[in-house]
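The values are calculated or read from the model by the stated rules, or taken from the named source; none is laboratory data. What you see is a predicted model; the values in this text were computed from it and never measured. Here the Cβ positions follow ideal geometry from the backbone for every residue, glycine too, while neighbour counts run over all protein chains shown.
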Amino acid sequence: MNVEITGRHVVITPAIRSYVLKRLRKFAKIFGDDISFHVIIDVQKERQTAEILLKTKLLDLTGKGRTDDMYNSILVAIEKIERQALKHKGKIIEGKRQRAKSKSVAVKSGIAQVSPVTLAARKNNGILEEEAQRKPMEVEEAVLELNHSDYPFIVFRNADSGAVNVLYRRKDGSIGLIRP
């Protein structure tokens, strides 16, 4: 954890430095030790401002606090960064849960033979590509799969003909089938 404290129009006392270091230790639990902080403390007349910049490999966060008391300004800035950090961490955890859930649903239903190599999502020029190894299925099986999924269509290999077919939901609620 690297902390740089800059004072503008104020001398950084050991008390302020230890207060800042004590409050910033909790971020090491969230992000690990590979983080750096730049704390800017500014005093102008009756305004006391603390701005904290947190940098990690994945993201940069900024929090600014402005009150009459320097310690309260530091606390407000740290609380803002903490909210941002927890929000970011929640998004990461939720994304992992969604990916795990989609893999387990595919495996339980027997639709896809999923392995880390075959199920991948890539973004190329704004286009999201998903690959999944699918077993051949009958049209009736594909209809059941479409009814159980949230997707508007399903692409499958027809077990009878061996051709790739597309089953889709129409706007009127019925189901359409595209055969080559």
Looking at the range 133-163, which of the residues that are more than 18 Å from Gly173 (Cα to Cα) and among the small types (Gly, Ala, Ser) is surrounded by the most Cβ atoms within 10 Å (Cβ to Cβ)?
Ala159
Test: Val11 is part of a helix (DSSP H, G or I), among the hydrophobic types (A, V, I, L, M, F, W, C) and out of contact with any helix residue (DSSP H, G or I) (no Cβ under 7 Å at 6 or more places or on another chain)
no
Please list, ordered by residue number, the strands (runs of 3 or more DSSP E) wholly in the range 44-138 having 1 or more residues that are over 30 Å from Arg8 (Cα atoms) and at pLDDT below 90.
120-124, 127-131
Which members of the range 142-180 meet the condition of being within 35 Å of the chain's Cα centre (by Cα), part of a loop (DSSP other than H, G, I, E, B) and within 20 Å of Glu130 (Cα to Cα)?
Ser149, Asp150, Tyr151, Pro152
